[in-house]
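First comes the structure, then the notes that go with it.
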Amino acid sequence: MTLHHSSGRWRLGLALSLLTVVLWGILPITLKVTLQALDVYTVTWFRFLVSFALLALYLGLRQQLPKLATLRATPLNLLVIATVSLALNYLLYLEGLNQTTAANAQVLIQLAPVLLGLGALTIFKERYTQWQWLGLGTLAAGLVLFFDEQLRTLVTAPQQYLWGSGLILLAAAIWTVYALAQKQLLQKLPSAVIMLAIYGGSALLFSPVASPLQIGSLSPLHLSMLLLCALNTLMAYGAFAEALEHWEASRVSAVLSLTPLVTLGAVFTVDLIWPTLMPPEPLTVLGLTGAVLVVVGSLGIALGRSSKAVKG
């Protein structure tokens, strides 16, 4: 099987990866507020449906909607795997977030980019240099330090909290399956077309269990948060899919490890603007040290010069 190789436009890939980090960083906050008024199935269904509709409109205006013959030539098994995996990832992450906090959800979901990077090394024959492996170790140490207080909490958390954490870990593993399948699909289809098919398929999967009538009774705050979640879905995964087109998956995954820092910064910002909406997460000197190590390790992996991929 011929494996996908990136275009080599690493600056564009880096910019798209950073955009994904920002969007994913603020997402737990908007989701947490939305879940105050809606169930996880309806939120997930709405996010996929709006993303599908907007992306279909965009591609239609640009006359880039996929032809039936093109879709038939696409490996159906890979498309199904990518669709089901992303749908499950959304559901499990949201259910886990509903039972834990935004900061804890982000540290646990960091298993996803780590697994993506390791999967890329194995499947796509990408390679880390010695400096990149050092960066990975630095990143791992930084994450442990950064979330030291949260990890301590997990040991003594109630059963519901631990259950939610387990769901997020499972979501991280399933997301890795989606990301690797998505990268391989880039051989046959543009990233926007792939996401269109995944959004549409996922919306159909959640249609039987969604409750659309609940949306009409939302307050302006919760409705605006729901719309932000939907727009975030379209923009973040579109940027992520396009980043994989131009940059190695192992490097994209490294940049995604910056996401918890964005989440923490967003929580602090929300606390300043609207103190009653989202309480700030406590950060010790040890946590700040970890934050610096996360940044250094992530950038070391992302920007370090890697070996060329082995031709498959």
Subject >> Relative contact order [Cα under 8 Å, 6+ residues apart], the chain, whole percent >> reply: 43
**OP:** Report ³J(HN,Hα) in whole Hz for each residue of the range 81-96, in order, from the Karplus equation J = 6.51 cos²θ - 1.76 cosθ + 1.60 where θ = phi - 60°; Gly and Pro get x.
**Re:** 4, 5, 5, 5, 5, 5, 4, 5, 4, 4, 5, 5, 5, 5, 5, x
Original post:
Once both labels are modelled 7 Å past Cα along the beta-carbon direction, what's the Gln159-Leu288 spacing in nm?
Top reply: 4.1
Original post:
Residue by residue through the range 202-217, which ³J(HN,Hα) values in whole Hz follow from phi under the Karplus form 6.51 cos²θ - 1.76 cosθ + 1.60 (θ = phi - 60°), with glycine and proline marked x?
Top reply: 5, 4, 5, 4, 8, 4, x, 10, 7, 10, x, 5, 5, 5, x, 9
Original post:
Tell me, what is the per residue accessible area of the chain in Å², probe radius 1.4 Å?
Top reply: 45
Original post:
Percent of accessible area on the range 1-89 owned by carbon and sulfur, 1.4 Å probe?
Top reply: 67
Subject >> Heavy atoms of Tyr41: accessible area, 1.4 Å probe, square angstrom to 10 >> reply: 100
Subject >> Relative contact order for the range 32-135, counting Cα pairs under 8 Å that sit 6 or more residues apart, in percent >> reply: 31
Subject >> Sulfur and carbon atoms: percent of accessible area, the range 192-298 [1.4 Å] >> reply: 77
**OP:** Please give the FRET efficiency for Thr276 paired with Asn77, using the beta carbon to beta carbon distance and R0 = 45 Å, rounded to the nearest 0.05.
**Re:** 0.40
Original post:
What nm distance separates the two modelled labels at Leu223 and Phe268, each placed 7 Å from Cα along Cα→Cβ?
Top reply: 3.5
Subject >> Net lengthening on full extension, Arg62/Asp39 (0.36 nm per residue, minus Cα-Cα) >> reply: 4.8 nm
Original post:
Rounded to the nearest 0.05, what FRET efficiency is calculated for Arg11 and Met235 with R0 set to 25 Å and r the Cβ-Cβ distance?
Top reply: 0.80
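The values are calculated or read from the model by the stated rules, or taken from the named source; none is laboratory data. What you see is a predicted model; the values in this text were computed from it and never measured. Note that we place each Cβ from the backbone using ideal geometry, even for glycine, and neighbour counts take in every protein chain shown. Side chains are part of the model used for accessible areas, which takes the heavy atoms of the whole protein and leaves out ligands, DNA and RNA. Shrake-Rupley method; radii C 1.70, N 1.55, O 1.52, S 1.80 Å.
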